Amino acid sequence: MKAVYILWLRQLKRYVRSKSRMVGSLGQPIIFLFALGFGFGPTFQKAGGGNYLQFLTPGIVAMSVLFTAVFSGIEIIWDRQFGFLKETLVAPVPRLAIVMGRTLGGATVASIQGLIVFAICLAAGFRFATSALLLPLALVFLFLLALLFTAVGTAIASVLQDLQGFQLIMNFMVLPLFFFSDALFPIHGLPTALRIVLRLNPVTYGVDGLRGALTHGFAFGLGEDLVILGALTAVMLSVGSYLFSKIQL
């Protein structure tokens, strides 16, 4: 447990010290928030969808968490290239403790990033449409989403050795996951093929959970969102831990 705590704390210190990373990771969500939230707002309202900023905010928060969580895996490749990973792996600590500390640290950083973006959304005009008592439920979905995609980033980084390859794979995977979810548009009324794609996308359940807790009812149901997101998180944590344990230096 001590090793997990030390690695978790190290991830937080890295995040706090990297001012450029903190500011840079806010750029894309803020652009999407203002360009889409206010640009498409009148059209969305005329179509009978209501306030688009209210609908969009959970998706923007999920976007921030998704990108930050997945790209936390790049630190494994970075540490491998500079020798820090070797020093960590030869320590008398189980590799499971190492990967759990890294994963929890990355998920915590991604959650903090999501909370910062949510605060910006509140300043931009977002308002709770449900009871504030559901805010802890939104935090559960936020952390599950962060934990899931930090594990995904860890799994991919464990089998790659160069930064360029990781970035290419992540961009190829992360952008489709975001755009083919219900982050930007409602699932109701979509063609059947696109609805199937959305139902197969884990981001969809994270966004739906956040939206249900913050604004209005769940599209798929609270239980379904929690079960699917929780099960996928458990699976990816197992996969990420296994692949990390097989790293050869």
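The values are calculated or read from the model by the stated rules, or taken from the named source; none is laboratory data. Remember, it's a predicted structure, so these values are computed and weren't measured experimentally. Cβ coordinates were reconstructed from backbone atoms using ideal geometry, including for glycine residues, and neighbour counts include every protein chain displayed.
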Inset, instruction - Name every residue in the stretch 47-81 that is outside any helix (DSSP H, G or I) and surrounded by 24 or more Cβ atoms within 10 Å (Cβ to Cβ), in order of residue number. - result: Ser72, Gly73
Inset, instruction - Scan Asp225, Asp162 and give me the residue that is surrounded by fewer than 18 Cβ atoms within 10 Å (Cβ to Cβ) and either of a type in the set (Asp, Glu) or modelled with pLDDT of 90 or more (or both). - result: Asp162
Inset, instruction - Go through the residues of the stretch 23-46 one by one and say whether even a single one is surrounded by fewer than 14 Cβ atoms within 10 Å (Cβ to Cβ), assigned to a helix (DSSP H, G or I), at pLDDT below 70 and among the small types (Gly, Ala, Ser). - result: yes
Inset, instruction - Residues being of a type outside the set (A, V, I, L, M, F, W, C) and over 23 Å from Ala151 (Cα atoms): count how many of those fall in the stretch 212-240. - result: 5
Legend entry - Test: residue in the stretch 201-215 that is exposed (fewer than 13 other Cβ atoms within 10 Å of the Cβ) and out of contact with any Leu (no Cβ under 7 Å at 6 or more places or on another chain): no
Legend entry - Near pairs, Cβ below 8 angstrom, 6+ apart or cross-chain, from the stretch 58-83 (modelled with pLDDT under 80) to any residue that is crowded, with 24+ Cβ neighbours inside 10 Å and not in a helix (DSSP H, G or I): none
